[in-house]
1. Among the listed residues D188, D222, identify the single one that is crowded, with 21+ Cβ neighbours inside 10 Å, without any contact (Cβ under 8 Å) to a residue 40 or more places away in the chain and under 24 Å from Q171 (Cβ atoms).
2. Suppose we filter segment 1-48 for residues that are in contact with a Pro (Cβ under 8 Å, 6 or more places away or on another chain) and under 14 Å from Q94 (Cα atoms); how many remain?
3. Of the conditions (1) buried (at least 20 other Cβ atoms within 10 Å of the Cβ); (2) outside the structural domain of A25 (by TED's automatic domain parsing); (3) touching a helix residue (DSSP H, G or I) at 6+ places or on another chain (Cβ under 6 Å); (4) modelled with pLDDT of 95 or more, V155 clears all except one; give me its number.
4. May I ask you to say which residue of L103, L160 is in contact (Cβ under 8 Å) with a residue 12 or more places away in the chain and within 22 Å of L70 (Cβ to Cβ)?
5. Quick test for you: out of V393, V446, V421, V386, pick the one residue that is closer than 30 Å to A77 by Cα, of a type outside the set (S, T, N, Q) and at pLDDT 95 or above.
6. Of the conditions (1) surrounded by fewer than 20 Cβ atoms within 10 Å (Cβ to Cβ); (2) of a type in the set (G, A, S); (3) in a strand (DSSP E or B), G37 fails just one. Which one is it?
7. Just checking, does segment 250-261 include any residue being part of a loop (DSSP other than H, G, I, E, B), outside the structural domain of F350 (by TED's automatic domain parsing), within 13 Å of T281 (Cα to Cα) and modelled with pLDDT of 95 or more?
Amino acid sequence: MALDLTHVHRIHCVGIGGIGVSAAAKFLRLQGKDVSGSDTARSVVTADAERAGVRVLEPAAENVAPDLDLLIYTSAAPETQAERQAAAAFGIPQLSYFEFLGLLSKQYKTVAISGTNGKSTTTAMLALILEKAGLDPTVIVGSRVPSFEYGNLRVGKSDLFVVEACEYREQFMSLSPAMVVVTKIVEDHLDYYRDLAHIQETFKAFAAKRPVDGPLIWNADDAGSREALGALAEPNSTFGFSNDADLRVERHETSEGLQRFDAVFKDGVAWRDLELRVPGTFNVLNALAAIGAARALGASEEAVRSALASFAGIWRRFEKVGETHGAPVISDYGHTPDAIEATLKAAKEFYPGKKLVVAFQPHHHERTRKLFDAFVNAFDEADTLVLSEIYGVEGRKEGEHEVSSRDLVDAIKKRGRVAAVSYAADPPEALRQLEAIDSKDAIMLVMGAGDIYSIAYPLCRTSR
């Protein structure tokens with residue numbers, strides 16, 4: 001859609017509780033626009049929007065007046081949604097969140113951070129490095145960043161725009177990237193994509209959108225990325241633990257609460273003894289991706305070193321929210337089998353000798369059904385596992401009668417690798433089960449992309 005945002009003054013956002021739509025609303029409000037938004041529930045995300053000056057309302061057709069210039073909507077809101085119908089009746093232009101991002105990206109030098117795992121953390125790391133380097137980027141992350149005043153949004157004054165680029169339904173194809181970073185390509189969103197090859201084709205097409213001098217940076221350790229991106233035109237560079245990576249890890253050490261590693265570039269430059277206070281080799285890879293992009297954008301070694309050493313993680317990405325009876329309570333967004341495996345392994349490394357108690361809520365019935373066997377194998381590191389019923393996703397193809405978390409419980413028990421496995425009908429029931437578990441010498445890990453995170457803080461409140 002051809003729309004000049006400089007002539008847009010009054011905007012209403014449908015689905016303001018979504019992390020993306022919220023960012024769009026906050027960005028426009030901070031540009032001096034008159035912005036309202038609606039959602040069925042209040043949350044920390046809507047609170048961030050209100051703090052930026054956005055009016056948060058209950059969904060109603062009356063929220064859409066004839067003098068509105070633009071309606072931005074979440075992909076979960078169909079054309080039949082009341083506010084979208086009202087906008088259509090008045091002839092008001094409508095943009096999905098990703099169409100809005102596409103328009104915004106044309107106004108900036110856009111650095112698109114993509115991948116089926118790790119993109120939120122990598123986006124946040126790169127943002128903080130560029131901030132330390134004085135490059136003053138505008139940033140939109142798919143999670144809340146503790147140092148950002150408005151949660152997942154930072155508004156800078158330079159021409160740099162660092163944005164998390166989501167592959168779901170090819171939504172990132174709306175962007176006009178000057179640089180593309182790919183963290184990993186694995187099977188996901190199989191309610192839309194046919195298979196891994198279809199996902200790889202889409203990432204390849206997205207990477208090809210960059211200009212001829214636009215850098216492409218991808219994970220050399222990931223077979224899915226290598227197959228999709230390895231043959232694309234220069235500038236095309238890699239990062240990883242692999243010896244043939246253009247930016248590689250030469251030494252990596254882990255102790256409780258700290259990782260140290262050397263980052264060595266193909267031109268011989270080495271940044272040694274970098275520190276990272278978030279766990280897992282996957283976070284070292286996220287850091288490498290951010291380092292590669294940051295150096296290409298002109299950031300100094302000191303900016304990288306300082307930003308990574310102070311990086312404390314982001315909302316629901318191995319986020320320590322408190323303790324219960326002395327046991328750390330960690331909230332994590334991991335919802336694909338490979339992310340679960342990596343996170344559980346990282347938890348064991350960061351808290352050696354501790355029992356690992358996991359509460360997990362599968363996200364989306366179609367994902368659970370199509371990746372069922374991989375989910376069954378993903379929890380081997382857990383000592384105790386509570387599986388909440390699958391979170392159904394509004395606006396997506398579901399299949400709630402085809403698979404249940406009960407099926408996962410039965411299959412994991414049959415596999416015999418996890419000592420204790422139980423089913424919970426919903427997150428409150430999962431919380432009750434967690435509260436009854438002896439947490440001495442344990443880590444309590446609450447995982448999933450649905451509403452399971454809501455039990456993490458109440459679990460901390462059970463501490464004596």
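The values are calculated or read from the model by the stated rules, or taken from the named source; none is laboratory data. This one's a predicted model, so the numbers in the text were calculated from it and none came from an experiment. A quick note on method: Cβ atoms are made from the backbone with ideal geometry, for glycine too, and the neighbour counts reach across all protein chains shown.
1. D222
2. Residues that pass the stated criteria total 3.
3. Of everything listed in (1) buried (at least 20 other Cβ atoms within 10 Å of the Cβ); (2) outside the structural domain of A25 (by TED's automatic domain parsing); (3) touching a helix residue (DSSP H, G or I) at 6+ places or on another chain (Cβ under 6 Å); (4) modelled with pLDDT of 95 or more, V155 misses just condition (1).
4. L103
5. V446
6. Result: G37 passes all but (1).
7. no
To keep it simple, each residue is scored yes or no on (1) more than 30 Å from T74 (Cα to Cα); (2) in contact with a Gly (Cβ under 7 Å, 6 or more places away or on another chain); (3) not assigned by TED's automatic domain parsing to the domain that holds V186.
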residue: E341; (1), (2), (3): yes, no, yes
residue: Y351; (1), (2), (3): yes, no, yes
residue: R369; (1), (2), (3): no, yes, yes
residue: F372; (1), (2), (3): no, no, yes
residue: V376; (1), (2), (3): yes, no, yes
residue: R432; (1), (2), (3): yes, no, yes
